[in-house]
Amino acid sequence: EKRRAFREIRELPDQLISQIAAGEVIERPASVVKELLENAIDAGSTHVEIRLDGGGIKRILIQDNGCGIPKESLSLALKRHATSKVRNLDELESISSLGFRGEALASIASVADLHLSSKVEGSDGFSIFKEEITPAALKKGTRIEVTDLFYKTPARRKFLKGEPTEQAHCLTCIKRIALANPEIDFSVFANGKGVLSLPPSTLEARLERMMPKEFLEAHRTVSAETPSVKLYGWVCLPTAAKTRTDCQYFYVNGRFVKDKVLTHALRQAYADVLHGSSQPLYCLFLEIDPLKVDVNVHPTKNEVRFRDSSAIHQFVFHAVENAISQSVLADPLTGEL
Ligand code: ADP
Ligand code: MG
């Protein structure tokens with residue numbers, strides 16, 4: 001029998017607390033990209049430039065033209081549980097920004113080198129690196145450079161895949177965010193070469209840029225509304241289904257989610273027309289009173305919890321089933337009704 005003597009309880013050092021917290025949110029370069037892009041969007045940016053080197057492992061650089069961070073807030077931006085987005089429980093429960101935990105920058109800085117520069121309208125720009133603030137020349141907005149991800153936590157680094165795979169994950173993440181923010185201009189470079197350029201456009205135009213030809217040729221629009229929830233977007237007809245799941249975009253209040261309730265409702269709507277490993281393609285936006293959905297379920301905020309999940313399930317199921325069942329009446333050659 002193993003007996004262990006009591007070992008003195010101690011508070012963890014701050015850096016280690018952040019590294020533990022980082023474990024939940026920062027899994028790979030794509031997680032860094034997601035957090036930084038969400039910050040750029042929350043800051044009201046209309047132009048965002050993303051540079052990835054070595055799949056984002058060597059370097060991620062994101063520059064936006066958003067509101068910026070004033071000099072006196074720069075060190076707070078990097079501090080754990082420090083945020084400009086939430087002040088109290090009421091605000092948390094009715095949150096409309098993508099961020100609110102005040103943990104991303106602190107987490108990233110604990111597992112990589114993070115260089116933050118920012119400039120607000122009408123004042124000079126400043127940089128912060130390792131707690132030291134220096135003047136910096138830049139246009140209004142924020143520039144964040146993250147280098148050598150996980151070099152501080154080698155055990156984590158071992159779980160990363162090769163650079164091409166990590167780069168692909170970053171691009172998937174960028175596309176998810178870009179599709180929900182068509183008015184924002186995104187340019188993406190990988191190892192110095194332009195790989196994706198999305199000028200500001202309408203949602204329809206961005207969808208056309210991002211969805212495969214098969215989908216554009218065979219889809220239906222979805223539009224349904226009750227007094228408390230609204231669903232709109234596009235779903236594929238069975239002929240456009242694929243075996244891959246990379247064109248399944250579902251957003252709740254502008255946030256990309258992978259939610260069991262919603263995925264199940266979708267599967268069920270296609271149950272009679274899709275079989276085996278065939279996957280529907282879709283881009284759907286659910287809008288719901290923030291008080292009726294909890295986004296504070298997981299640190300990555302990719303999951304949500306609906307207050308009335310069976311009503312949401314029914315609503316999504318019927319709206320999608322309705323949209324695709326119209327195709328039964330459609331001309332099989334043109335797809336037109
Ligand atoms: P959160 O987004 O949950 O507030 P973060 O750690 O991601 O936490 O960011 C901390 C704070 O730094 C934000 O609340 C915001 O005030 C500021 N910030 C971060 N990125 C940007 C940005 N790109 N533009 C303007 N402010 C930013
Ligand atoms: Mg954030």
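Please treat every number below as a calculation from the coordinates, not as lab data. Everything numeric here is computed off the predicted structure, so don't read it as measured data. Heads up, the Cβs are rebuilt from the backbone with ideal geometry, glycines too, and the neighbour counts pull from every protein chain shown.
Just a few scattered comments:
- Cβ crowding within 10 Å ranks TYR270, TYR282 as TYR270, TYR282, fewest other Cβ atoms first.
- Computed from backbone phi, the HN-Hα couplings of the stretch 29-42 come to x, 4, 5, 5, 4, 4, 4, 5, 5, 4, 5, 5, 5, 4 Hz, rounded to whole numbers (Karplus: 6.51 cos²θ - 1.76 cosθ + 1.60, θ = phi - 60°; Gly and Pro given as x).
- Phi to ³J(HN,Hα) by Karplus 6.51 cos²θ - 1.76 cosθ + 1.60 over the stretch 213-220, Hz, x for Gly, Pro: 3, 4, 6, 5, 7, 9, 9, 10
- Contact order, relative form, for the chain: 15 percent (alpha carbon pairs under 8 Å, 6 or more residues apart, mean separation divided by residue count).
- Among 260-266, 151-157, 304-310, the order from most to least packed when residues are scored by Cβ within 10 Å on average: 260-266, 304-310, 151-157
- Signed unit charges on C-beta, dipole axis of the chain, positive-most listed residue LEU12, LEU36, PRO182: LEU12
- J(HN,Hα) series, the stretch 68-73, from Karplus relation 6.51 cos²θ - 1.76 cosθ + 1.60, nearest Hz, glycine and proline x: x, 10, x, 3, 5, 9
- Exposure proxy for HIS219, HIS313: other Cβ atoms within 10 Å of each Cβ, ordered fewest to most, give HIS313, HIS219.
- Long-range amide H partners of ALA190 with built H, under 5 Å: LEU52, VAL195
- Measuring between alpha carbons in the structure, the pairs from LYS175/LYS301; LYS85/LYS258; LYS85/LYS301 lying more than 22 angstrom apart are LYS85/LYS258.
- Relative packing of peptides 76-89, 224-237, 175-188 - highest average C-beta neighbours within 10 Å first: 175-188, 224-237, 76-89
- Residue order, fewest to most beta carbons within 10 Å, for VAL273, VAL316: VAL273, VAL316
- In the structure shown, the pairs LYS193/LYS213; LYS34/LYS158; LYS130/LYS158; LYS152/LYS260 are assessed against 29 Å; a Cα-Cα span above that value is assigned to LYS152/LYS260.
- Proximal aspartates and glutamates relative to LYS161, as straight alpha-carbon distance under 14 Å, when same-chain residues fewer than 8 apart are discounted: GLU27
- For the pair ALA271 and ASP289, label points projected 7 Å from Cα toward Cβ lie 3.0 nm apart.
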